[in-house]
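Chemist: Before I ask anything, let me first share the structure, which is written out below as structure tokens.
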Amino acid sequence: MKIKSIQTYILRTPLGNERFYSSQCSFPERNSFIVKVETDDGLVGWGEGGQYGPPEPVAAVVKHVLAPKLINQELQNPMKIWEQHYADTRDFGQKGTYIEALSAIDIALWDIYGQMLHQPVHNLIGGPFRKSITAYATGCYYRGEDVLNYKASLPKLAEEARSYVDAGFQILKMKVGLLSIEEDIERVRTIREAIGPDTCLLVDCNHAYNVFTAVKMAKELEKFNVRWLEEPVVPEDRAGYREVRSSTSIAIAGGECEFTRFGFRDLFVGGCVDIAQPDICVSGGFSEWMKIQALASSFGVTVIPHVWGSGIALAAALHVLASIPPSPHTAHPVPLQNEPIVEYDRNPNPLRDELLTTPITLQKGKLPVPHNPGLGIEVNLDAVSKYSSEF
Ligand code: CA
């Protein structure tokens, strides 16, 4: 079986007045880079690469660097292809765009490989520990007006937080870092009061702080029973991560901007995180996922992937989440404590909601793991053409 074609698509849809903000930037649109790999006997695999960076550079690497080496070549196992292409681009790749491109190709090849072997991907990367994953809602971003008058936006924030609980979520992740500590703590207090004491609250800073601000923030957040603090400092500051982690009882999460086993090795050796968050579409796809997960387990670090992007990214994450052993094992595993949970971004995203013929939707607070061969999804080609241009 040979690889016949590799098509690249940039999907893009403006959000208009639904735009939202993290501590770092606004999101005026949703975009995804996806790739379609076709074999000469008609199998089709889909992959996605990157997260919220510009999709064009990732598309260019696939189109101009990786695809020419793969087209008309015999289909080999995805890990072998990963190793070959990583070696080919090591001298100028290692992190960033090249690894995101490699992630997209790797996910598409595993999709094909699974179809070829009539197995869902999770059966090929270790086998499933569970058929569905408890989902956590990622929401409660900034809406823009909060910067001008955060107090006026608090009722809407409370309403949004409550809507997640009403929808069946038991875990919610909110944003901080755009405002002062005092103002952001008011937002945390508002949300805690809105969701009550029994809903688990996670807080994401998007690396907005230096160490002394992060330590101060963590101390304040301890009063609100926050379970994890995500990206408190910039990803390059390994010593800073360690210092924040040793200062607080809140678990430290990070790694959505990290790449490959080599990057995660440094996070683990540095004692930086309690929870590692590789993004499958960023850190190297399924092939690299298995190494990162193995490394994490040897350091006693819990892995809960970062999930953003389209329905393809979500499906890929669900396969790896199915394959994570309880961490650590207990006779009664509890979500987040021992059982992995899945990030379910609740911001507007037609690419997540419309790209799959059968969208992956919440069922009693959980997302089902796709069980058909490969990624187990069918991509809606009308949605692809609606939102994309072939790059
Ligand atoms: Ca995050």
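Chemist: Which value in deg cm²/dmol, rounded to the nearest 500, describes the helix-derived mean residue ellipticity at 222 nm for the chain, given -39,500 (n - 2.57) per DSSP H run of n ≥ 4 and division by the residue count?
Modeler: -12000 deg cm²/dmol
Chemist: Accessible area per residue, 1.4 Å probe, Å², for the chain: what's the number?
Modeler: Roughly 39 Å² per residue, with all protein chains present.
Chemist: Distance in nm between label sites at S5 and N17, each 7 Å beyond Cα in the beta-carbon direction?
Modeler: The modelled label-to-label distance comes out at 4.2 nm.
Chemist: Here is a follow-up. Just check the range 124-368 against the gyration tensor rule for me: Cα atoms, a ≥ b ≥ c as the square roots of the eigenvalues, rounded for a/c under 1.5, and otherwise prolate or oblate depending on whether a/b exceeds b/c.
Modeler: Oblate, since a/c reaches 1.5 and b/c is not below a/b.
Chemist: A further question follows. In square angstrom, rounded to the nearest 10, how much accessible surface does L66 have for a 1.4 Å probe?
Modeler: Ignoring ligands and nucleic acids, L66 comes out at about 10 Å².
Chemist: Which of A214, A104, A67 ends up with the largest GNM mean-square fluctuation for the chain, with Cα atoms connected below 10 Å?
Modeler: A67
Chemist: Let me have the relative contact order for the chain, percent, based on Cα pairs under 8 Å that are six or more residues apart.
Modeler: That works out to 21 percent.
Chemist: Also: Along the charge dipole of the chain, Cβ charges K/R +1 and D/E -1, which of G374, P68, G93 sits furthest on the positive end?
Modeler: G374
Chemist: What fraction of the DSSP beta bridges in the range 124-368 is antiparallel, stated in percent and rounded to the nearest 5?
Modeler: 15 percent
Chemist: Considering only protein heavy atoms and a probe of 1.4 Å, how much of the accessible area of the chain is carbon and sulfur, as a whole percent?
Modeler: 51 percent
Chemist: Same structure again: Taking the dipole about the Cα centre of the chain, with the C-beta of Lys and Arg at +1 and of Asp and Glu at -1, give me whichever of G309, L102, I280 is farthest to the positive side.
Modeler: Projecting each Cα onto the dipole axis, the largest value belongs to I280.
Chemist: Sequence-distant or interchain residues sharing an amide H contact under 5 Å with I341, placed H: which?
Modeler: The answer is L336.
Chemist: Here's something else I'd like to know. In the range 197-291, which trypsin sites (Lys or Arg not before Pro) are in a loop and have at most 12 other Cβ atoms within 10 Å, using DSSP for the loop call?
Modeler: Those that pass, being in a loop and sparsely packed, are K223.
Chemist: Return the single residue from Y241, Y136, Y209 with maximal mean-square fluctuation; model: Gaussian network over the chain, springs between Cα atoms under 10 Å.
Modeler: Looking only at Y241, Y136, Y209, the largest GNM fluctuation is found for Y209.
Chemist: Measure up K95/K173; K151/K175; K173/K219; K36/K63; K2/K69 against 23 Å on the Cα-Cα distance and list the ones that go over.
Modeler: Too far apart for the 23 Å limit: K95/K173.
Chemist: About the Cα centre of the chain, how large is the charge dipole given +1 on each Lys and Arg Cβ and -1 on each Asp and Glu Cβ? Please answer in debye to the nearest 20.
Modeler: 480 debye
Chemist: With all protein chains present and a 1.4 Å probe, how do I6, I191 order by accessible area, largest first?
Modeler: I6, I191
Chemist: How big is the accessible area of D353 in square angstrom, nearest 10, if you roll a 1.4 angstrom probe over the protein chains?
Modeler: Approximately 70 Å² of D353 is accessible to the 1.4 Å probe.
The values are calculated or read from the model by the stated rules, or taken from the named source; none is laboratory data. Quick caveat: nothing in here was measured; it's all calculated off a predicted structure. Neighbour counts run over all protein chains shown; Cβ positions are idealised from the backbone, glycine included. Heads up: the accessible areas ignore ligands, DNA and RNA and are worked out on the full protein's heavy atoms, side chains in. Shrake-Rupley method; radii C 1.70, N 1.55, O 1.52, S 1.80 Å.
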